[in-house]
Amino acid sequence: MRMVDIIEKKRDNHALTKEEIEFFVKGYTQGDIPDYQASALMMAVYFNDMNDDEATHFTEAILHSGDIIDLSNIEGIKVDKHSTGGVGDKTTLVLGPLVASCGAKFAKLSGRGLGHTGGTLDKLESIENFNIALSNEQFINQVNALNIAVAGQTASLAPADKKLYALRDVSGTVPSIPLIAASIMSKKLASGADVIVLDVKIGDGAFMKTLDDARELSRIMVKIGKNFGKKVVAFITDMSEPLGYAVGNKLEVLEAIRTLQGNGPEDLERLSVEIGAQLVHLAELTPTLDEARDLIKEKIASLSASDTFKQLVEAQEGVYPDLNQFIQTQGVVAVNSQASGYVKHLNALDIGLSAMRLGAGRATKDDSIDHNVGIVLNKKVGDKVSEGEALAYIYTNKEDIANEIDTVHQAYEISESFVEKRSLIYEVVE
Ligand code: URA
């Protein structure tokens, strides 16, 4: 087989065979196929797409480039959740303990944040001593004992994806739906769960900008998962404004704990309950989705889920925080509204980038982060605001934050007339 023939075939808009796709992924991962040929193929896929069979074969080839985690020593149905990324998205911290307290086996491998999006590992590591580097044995034993473990993805999981993603990143080929689907699903399938719920975000702060694209990505990912014998459901949810109020690592942990205690923002609680209910129901712990919802709500009300979070922290060597002392910054600066009215738009991307520049996130993979800093919104879309009232608070360890104050101002659009709150969940794709 010759790589140039595969490139030409895709350039001319023909479907590639399983063998051709395997030849490419194997050859590229082993270093036999050069970057210039790989990027030519990625660009041909970007323009000419892949059909569902090609996307499935591509996923399979990436999946088999590394280890597949064997969770068979965990008793019961294993569940996992993946978000395509967003600003203030701390759902995993809430729904993990929620579903674990309902009896589901939440075996989660998470990643770090990059750019304007946060990562679950960074949030957990903002808790003193929290250990995300569990061995396979520790991971499995902890899920058996506690129903939940959250660890870092190792380099041996879908290594072809790392190489391909880095190439796509510099060749303008990240936003191809089948390539995104294969990238996400190869890692999810390698993580070994039986049930996967996907949260596909749309809006300023997300990869997908339109409902049609989010639908197509969801459809392909659900199809790929089913082709591998998994139960997969995708939620399409809003990321045009941040989720909840807090953006930044410790601030988000605090908000997640409050949500588990029944005092969290409505949108975060609702999304966690809905995704959690799907996981609990698909794990066959309740006969209906409604009963799963009720069970989850009861675990919040009884503080059972909040206890599970504390047990998770302690099992992974963390020091459960004193919530009143947890956030330590040199300053908290209010950004006050310059007009009265209703919040019409709140740009998640601007808020995410501003939090990143304050130190809460990374511009490049090797940057270090400040776990304490970030932004806490005081107003969200649909809220009434008076001139001089705080739109948001900036938690900072930097002296000069004039640029960030400006950015937060610009992220808000205030209208004189009444504005409806945004829908949170657009669709569920099964
Ligand atoms: N997230 C991934 O893991 N891969 C992509 O290609 C895009 C988003």
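Computed from the coordinates by the stated procedures, all read-outs in this text should not be read as laboratory data. Because the structure is a prediction, the values reported are computed rather than measured. Positions of Cβ are backbone-derived with ideal geometry, glycine not excepted, and every protein chain shown enters the neighbour counts.
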Largest-first principal axis extents of the Cα set of the range 162-260 (Å): 38, 33, 28
Sequence-distant residues sharing a close amide H with residue 345 (under 5 Å, placed H): 413
Distance violations [Cα-Cα > 27 Å] among 188/379; 18/201; 108/201: 188/379; 18/201
The range 78-315 pair-distance distribution - Cα-Cα, 5 Å bins, rounded %: 1, 7, 14, 19, 22, 19, 12, 5, 1, 0, 0
Under the Debye formula (equal points on every Cα, no solvent term), log10 I(q)/I(0) of the chain at q = 0.09 Å⁻¹: -0.57
Loop-located GluC sites (Glu not before Pro) in the range 1-89 whose Cβ has at most 11 other Cβ within 10 Å (DSSP): 75
Trypsin sites (Lys or Arg not before Pro) within the range 1-58: DSSP coil, no more than 11 neighbouring Cβ in 10 Å: 2
The chain - percent relative contact order, Cα under 8 Å, separation 6 or more: 19 percent
Lysines whose Cα lies under 21 Å from that of residue 384, excluding same-chain neighbours fewer than 8 positions away: 344, 421
Share antiparallel - DSSP beta bridges, the chain, percent rounded to 5: 50 percent
Filter on 230/297; 90/187; 81/310; 231/380 - keep pairs with C-alpha separation over 28 Å: 231/380
In Å, descending, principal axis extents of the Cα set of the range 3-63: 26, 23, 16
Extension gain, residue 145 back to residue 14 (0.36 nm per residue minus Cα-Cα distance, nm): 42.1 nm
Interchain or long-range residues, amide H under 5 Å from residue 112's placed H: none
Spatial separation of Cα centroids for the range 371-430 and the range 292-360, in angstrom: 14 Å
Mean separation of Cα contacts under 8 Å, 6 or more apart, over the residue count of the range 3-63: relative contact order %: 47 percent
Spatially proximal lysines relative to residue 365 (Cα-Cα < 18 Å; intrachain offsets below 8 disregarded): 123, 162, 163
Integer Hz, Karplus 6.51/-1.76/1.60 couplings in order for the range 192-205, x for Gly and Pro: x, 6, 8, 10, 10, 10, 9, 10, 8, 8, 10, x, 3, x
Alpha-carbon Rg with Dmax, taken over the range 215-353, Å: 18.4, 54
Span-rule helices in the chain, defined as complete DSSP H runs reaching 27 Å or more along the axis (Cα) with Kyte mean at least -1.0: none
For the range 94-128 and the range 1-36, distance of Cα centres in Å: 36 Å
Label point at residue 154 placed 7 Å out along Cα→Cβ; residues across the range 189-217 whose backbone nitrogen lies under 17 Å: 189-193
Cβ-derived FRET efficiency at R0 41 Å, residue 165 paired with residue 289, nearest 0.05: 0.75
5 Å-binned pair-distance histogram of the range 331-415 (Cα, whole percent): 3, 16, 27, 23, 15, 9, 4, 2, 0
Sequence-distant residues sharing a close amide H with residue 391 (under 5 Å, placed H): 335, 336, 337
